[in-house]
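Trainee: Have a look at the structure that comes next, please.
Any read-out appearing in this document is the output of simple, stated calculations on the displayed coordinates, not a laboratory observation. All values derive from a computational prediction rather than experimental measurement. Heads up, the Cβs are rebuilt from the backbone with ideal geometry, glycines too, and the neighbour counts pull from every protein chain shown.
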Amino acid sequence: MKKLIVTICFCCAAAMAFAGHHLNGTWKMNVAIGGQQGGTATFVLTEGEGGTLSGTYSGALGTENIKGTVKGSEMEFSFDSQAGKISYKGTVSGTTIKGSCSYGQLGAGTFEGEKSAAE
């Protein structure tokens, strides 16, 4: 019985650790600005202690470092570019993510994407 309880506790702890860092990895996002056909962006995200989110953006605006927060399935992050401040706010569900974004001078839009299968 003790072994069963220890095993269950270990599994729960492992699940909580995974759930706490579910954004870690490479994400491919389809972005549409102002209702127009958009492009794709790649984000490499890392969750830190206390709900911090960091990583990199690669896309039409070059490569930039991002900073943000994550709480449960909700996340938001931003970075500065030649188009102004770029921000994303969305919801994660498993290996998919979607939400809204603001591309500074270029306007507001939406995004959706998936985590790379290799991660």
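Trainee: Pop a pseudo-label 7 angstrom from the Cα along the beta-carbon direction at both ALA60 and ALA108 and give the gap in nm to one decimal.
Mentor: 1.8 nm
Trainee: Give me the extension gain from THR52 to GLN37: residue separation times 0.36 nm, minus the current Cα-Cα distance, reported in nm with one decimal. Display every interim value, and only then the final one.
Mentor: Values: separation 15, 0.36 × 15 = 5.40 nm, distance 3.11 nm.
Answer, rounded to one decimal: 2.3 nm.
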